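The structure appears right after this line, and notes come after that.
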Amino acid sequence: MPETLHKHLDESIKLELNLATLYTLFHDSFAEDEDFWWDLAMEERGHASLLQQEKKQPQQKEFFPENLLAKDLQSLVDSNTRISKLISSYKEQPPSREMALHTAHDLELAAGESHFQQFLDSPTSSPAANIFKQLNQEDCDHAARILEYMKQNNIAAEGNE
């Protein structure tokens with residue numbers, strides 16, 4: 001496995017696990033929303049598991065072009081740094097319910113950007129590309145679900161407050 005790909009998969013796994021940790025923290029902080037946060041946390045763990053399985057597979061040479069991986073790796077690192085800081089901060093002082101939902105929505109949109117956004121419009125060339133496209137779609141689905149949940153709970157979306 002090329003070193004860049006290995007780093008990219010490691011950062012992607014870390015991203016999914018960081019999101020799961022954050023959502024578990026929200027689960028523990030907001031009893032009225034615990035089922036919602038639990039579902040998201042479990043789905044993020046599932047994403048990490050998919051990536052871990054992919055990492056164990058023999059890689060095809062055409063997995064992803066190296067130049068695209070290198071560009072996107074920094075966005076993964078940046079997202080992981082941001083989420084780690086939020087986890088530390090929120091362990092000390094949990095956010096408001098509204099802030100938790102807004103934060104999760106923003107992170108899902110950012111995570112979607114980091115999951116090989118360049119490949120969404122390209123033909124799928126490998127099972128691995130399919131996995132990243134699926135994860136990107138699920139990030140978009142999470143963002144939409146968070147917005148819908150906010151609407152159902154009369155919490156204004158950012159920009160509409």
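The values are calculated or read from the model by the stated rules, or taken from the named source; none is laboratory data. All values reported here derive from a predicted model rather than from experimental measurement. As a convention, Cβ positions derive from the backbone with ideal geometry for all residues, glycine included, and neighbour counts pool all protein chains shown. The protein model used for the area step is the full one, side chains on, heavy atoms only, and it has no ligands, DNA or RNA in it. Shrake-Rupley method; radii C 1.70, N 1.55, O 1.52, S 1.80 Å.
Below is a table of values for the structure above.
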| read-out | value |
| --- | --- |
| Residue match in region 110-122 (condition: open to solvent by less than 50 Å² (accessible area, probe 1.4 Å), hydroxyl-bearing (Ser, Thr, Tyr), modelled with pLDDT under 90 and not in a helix (DSSP H, G or I)) | yes |
| Enumeration of residues in region 52-79 that are modelled with pLDDT under 75 and either in contact with a Cys (Cβ under 8 Å, 6 or more places away or on another chain) or surrounded by fewer than 18 Cβ atoms within 10 Å (Cβ to Cβ) (or both) | Gln57, Pro58, Gln59, Gln60, Lys61, Glu62, Pro65, Glu66, Asn67, Leu68, Ala70, Lys71 |
| Residue in region 93-109 that is open to solvent by 80 Å² or more (accessible area, probe 1.4 Å) and at pLDDT below 95 present | yes |
| Any hit, region 8-18, residues being at pLDDT 95 or above, among the aliphatic types (A, V, I, L, M) and open to solvent by less than 10 Å² (accessible area, probe 1.4 Å) | no |
| For Phe36: the one exception among (1) modelled with pLDDT of 95 or more; (2) under 19 Å from the mean Cα position of the chain (by Cα); (3) open to solvent by 60 Å² or more (accessible area, probe 1.4 Å) | (3) |
